[in-house]
Amino acid sequence: MKTGLAVSFVGHAALAAWGLVSITGDPGEFEMQASLPVEIVTIAEMTEITAGTADGDPEVEPQAPEPEPVVEDERVDVLNPDGEPLDQTEEAAAPPPDPEPEPEPVSEPEETAEALPETEPAPEPLANVPLPPEKPEPPQREPEPEPEPETEVAEPQPEPEPEQSQPLDLTNQNDFNPDRVAALLDKSLEEEGGAVDAPNTGDTASLGSSQGLGSRLTVNEIDALRQQISRCWNPPVGVQEAQNLVVRLNLELAPDGFLYGTPQVMNSSFDNTFQIASEAAVRAVIQCQPYTMLPVEKYDVWRNMILNFDPRQMLAG
Amino acid sequence: MRSKIGRVETGHRMAVRRGIFALLAVIVMAVFTVNETLAQVEVDITEGRPRPTPIALPDFIASVPEAQQIGSDMTGVISNNLQRSGLFAPVNPAAFIERTTNFDDAPNFDNWRVINAEALVTGRVTPEPDGRIRVEFRLWDVFGGQQMLGQQYFTDPQNWRRVAHIISDAIYQRITGEAGYFDTRIVFVDETGAKDARSKRLAIMDQDGFNIRYLTDGNSLVLTPRFSPTNQEVTYMSYESGQPRVYLLNIETGQREVVGDFPGMTFAPRFSPDGQRVIMSLQQGGNANIYAMDLRSRQTVRLTNSPSIDTGPSFAPDGRRIVFESDRSGSQQIYVMGADGSGATRISQGEGRYSTPVWSPRGDLIAFTKQLQGRFLIGVMRPDGTGERILTEGFHNEGPTWAPNGRVLMFFRDIPGAQGGPQLWSVDLTGFNEQRVPTPSFGSDPAWSPLLN
């Protein structure tokens with residue numbers, strides 16, 4: 001009997017937990033069920049909750065990447081803020097600022113090799129026919145201030161923006177206050193559906209974070225976001241035809257709906273096309289900003305977002 | 001009794017307590033997870049809008065004025081290649097805000113974002129002391145703000161067009177994720193003269209219609225030229241000796257030879273993927289069967305043996321299977337068999353007659369000509385016969401040939417009428433983006449070369 005009860009408890013608890021996790025974890029459902037009620041019922045609550053948010057933003061902004069790069073526009077800078085990081089990365093090719101023309105045009109030796117294994121246009125090909133001789137020279141490396149960066153695919157490198165993300169993390173962590181767990185639970189159980197609990201509202205002094213789970217994006221808001229990004233997403237043919245090529249991006253957004261920094265690619269793949277897929281995804285997100293359909297009152301909810309670009313459904317034929 | 005009950009209750013309470021702990025523990029975890037997932041909005045983007053990539057191609061700059069013409073011409077060739085592929089939309093140069101003056105500087109991406117160019121190509125042509133030119137280019141991701149590719153080539157100035165094709169391929173591959181097909185040639189039958197007295201010559205040209213060269217003199221009828229996958233050779237059928245025979249021609253040297261010593265007419269030749277063999281049809285009486293000949297040992301092997309016309313054989317890229325057409329069931333249909341001739345199975349199941357099957361270089365599809373209700377269609381199907389898709393149709397379309405990347409087909413289309421004649425056309429796998437391939441006169445029976453490099 002004892003054990004029976006225990007087993008029963010544990011079993012039920014596990015089931016409940018599974019339910020919670022799986023339901024909330026699935027973005028699909030997100031729109032369908034959970035959020036609807038929010039939209040209808042809790043408007044008032046949400047507005048209250050979010051009162052504090054506005055102030056928070058300013059702090060964040062400063063972090064925006066500093067422009068040093070070539071580009072003047074701030075926004076732009078943001079996009080490719082990484083003057084330095086880039087340098088580190090592979091592309092030697094970056095054009096040096098006006099050095100003398102000759103030697104260094106950097107060609108791509110390595111790049112070519114990786115990107116276009118089969119084609120490898122440059123070098124040998126020419127050899128066949130009396131045509132073009134060949135060969136790319138080794139990239140020269142000069143320290144380049146700003147040039148092009150490239151965030152290559154696979155590895156999400158630490159970008160300059162860590163700071164921005166941090167704030168979020170902190171808040172999240174604050175959320176877990178073990179002591180308050182029970183209370184949280186009760187709440188959520190009681191008023192399920194609607195705005196759930198805003199766990200840490202009080203805790204985080206900063207930014208008046210409303211953050212709560214209480215405010216969520218509504219179905220309409222998510223749909224609008226999805227549509228806007230879909231319009232800009234141009235998956236190249238090679239990406240459309242590669243199977244299982246999902247790109248997961250992490251975005252940091254400013255309150256005005258513009259991006260902070262370049263979206264980070266969170267996953268990787270051995271597929272050669274992955275780099276191209278991830279570039280297309282990043283390009284779509286950059287190109288389609290600002291995301292003004294996201295209400296400022298819920299900034300804490302969407303300031304940091306994950307987007308999964310999944311081309312599989314597009315290949316119906 | 002009471003004590004017993006008490007014990008039971010105690011035990012029960014303990015169990016309850018333990019259960020609660022367990023429940024709490026699980027809930028803590030659950031809340032943790034919920035917090036995380038809810039705190040971070042996660043959205044799936046499953047629909048995109050595939051469209052030609054807007055690409056800006058300012059003229060390649062020249063380090064000296066004399067090289068400027070080559071720079072502009074190269075840009076023109078690259079732009080034309082990319083535009084014709086249907087996957088790129090070159091931005092009108094009139095919209096350019098920025099003039100590239102220094103190839104070694106990163107562009108101001110804002111100036112290109114404003115005009116919605118997603119990609120930008122900059123280049124420079126520099127004459128070298130030894131008489132060659134150096135061509136450099138960079139491909140930029142305008143919105144990502146980074147260089148995607150940078151290469152340079154040294155070549156004789158006369159080869160600028162070829163370099164432009166190679167650069168086009170590099171751009172195509174870097175942006176689409178698929179190999180390009182611009183640095184290729186087409187061999188085809190050039191047709192001149194009145195409709196009832198056409199002179200047919202073998203001709204070869206770049207994939208975009210330039211650099212045409214004639215390989216035969218037009219005194220004898222030639223048909224169905226096919227490129228070797230490995231050498232600068234072409235195999236074709238000619239009436240040169242009076243009777244139709246399969247020939248082998250070296251493009252570089254002009255050397256020609258008859259393939260095999262067969263008693264009857266041979267036709268419909270094609271190379272094996274390794275370039276070591278030629279498969280073709282041999283007519284014997286009212287029948288035709290398929291033979292393979294090893295080009296080194298000259299050994300021939302008979303692959304089909306049926307009282308029907310078996311022709312148009314084409315190897316799968318792995319060399320293990322052969323697709324061909326046969327009328328053994330009463331009408332022309334498409335069959336697949338092992339490379340040794342075993343296990344022929346009909347794969348075409350639709351209405352109409354099927355002919356000229358060609359296996360895609362990728363192996364995933366077979367292209368064919370289909371006659372249905374008096375019209376000629378070009379289509380593709382999977383090697384098991386499923387997924388048939390028609391890409392183009394009309395009065396007369398025939399003889400598909402694959403681009404080396406398996407995304408584009410070229411074929412010829414006959415225009416009816418006294419002034420009509422065959423023209424070369426290309427269409428991509430989506431069935432959109434039909435393009436006329438320029439030829440100096442009429443042209444038929446195109447065959448696409450592999451990538452030259």
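Read-outs: derived from the displayed coordinates by stated rules, not from any lab. Remember, it's a predicted structure, so these values are computed and weren't measured experimentally. For neighbour counting, all protein chains shown are included, and Cβ atoms are generated from backbone atoms with ideal geometry for every residue, glycine included.
Between 0 and 90 degrees, the angle of helix B:2-39 with respect to the longest Cα principal axis of chain B falls at about 40 degrees.
Derived scalar couplings between HN and Hα for region A:245-256 equal 9, 9, 10, 10, 10, 10, 10, 10, 10, 8, x, 7 Hz in order, rounded to whole Hz, by the Karplus curve 6.51 cos²θ - 1.76 cosθ + 1.60 (θ = phi - 60°), x for Gly and Pro. In plain terms, the residue of B:Met280, B:Met74, B:Met410 with the fewest other Cβ atoms within 10 Å comes first and the most crowded comes last, giving B:Met410, B:Met74, B:Met280.
Taking the Cα centre of region B:348-435 as reference, the dipole from Cβ charges on Lys and Arg (+1) and Asp and Glu (-1) amounts to some 60 debye. The mean sequence distance of close C-alpha pairs (under 8 Å, at least 6 residues apart), as a share of the length of chain B, puts its relative contact order at 9 percent. Between B:Ala197 and B:Arg375, the FRET efficiency estimated from the beta carbon spacing at R0 = 22 angstrom works out to 0.20.
Stretching the chain fully between B:Asp156 and B:Arg49 yields a gain of 34.4 nm (0.36 nm per residue, less the alpha carbon separation). Extension gain for the segment B:Thr230 to B:Asp340, taken as residue separation times 0.36 nm less the Cα-Cα distance, is 37.4 nm to one decimal. Note that region B:400-408 has calculated 3J(HN,Hα) couplings of x, 9, 8, 5, x, 8, x, 10, 10 Hz, one per residue in order, obtained from phi through the Karplus relation 6.51 cos²θ - 1.76 cosθ + 1.60 (θ = phi - 60°); glycine and proline are x. In this simple spin-label model, placing a label point 7 Å from the Cα along the Cα-to-Cβ direction at both B:Glu434 and B:Glu393 gives a separation of 1.2 nm.
Treating the beta-carbon of each Lys and Arg as +1 and of each Asp and Glu as -1, no other charges, what is the dipole magnitude of region B:113-162 about its Cα centre, to the nearest 20 debye? Each step should come with its number before you reach the end.
Numbers: 7 positive and 6 negative charges, 17 e Å.
Dipole of region B:113-162, to the nearest 20 debye: 80 debye.
Would you please state which residues of region B:86-100 a label at B:Val114 would reach in this model, taking the label point 7 Å out along Cα→Cβ and a backbone N cut-off of under 13 Å? Of the residues in region B:86-100, B:95-99 have backbone N under 13 Å from the label point off B:Val114. If R0 is 60 Å, the Cβ-Cβ spacing of B:Asp130 and A:Asp223 corresponds to a FRET efficiency of close to 0.45.
Spin-label model, A:Ala16/B:Arg296: points 7 Å from Cα along the beta carbon direction are separated by 7.6 nm.
Rounded to the nearest 20, the Cβ-based charge dipole of region B:55-177 about its Cα centre (Lys and Arg +1, Asp and Glu -1) stands at 280 debye.
Per residue, the average separation of C-alpha pairs within less than 8 Å and at least 6 apart gives region B:366-425 a relative contact order of 23 percent.
Backbone N atoms of region B:133-152 closer than 17 Å to the 7 Å Cα→Cβ label point of A:Asn272 belong to residues B:149-150. Measure nothing fancy, just the Cα-based angle from helix B:160-176's long axis to the longest principal axis of chain B, in degrees from 0 to 90, nearest 10. So the inclination is approximately 30 degrees.
Spin-label pair A:Arg312-B:Asp364: with each label point 7 Å from Cα along the Cα-Cβ axis, the two points sit 1.6 nm from one another. Could you please state, rounded to a whole Å, how far the C-alpha centre of region B:252-331 is from the C-alpha centre of region B:191-241? If we compute the Cα centre of each part, the gap is 20 Å.
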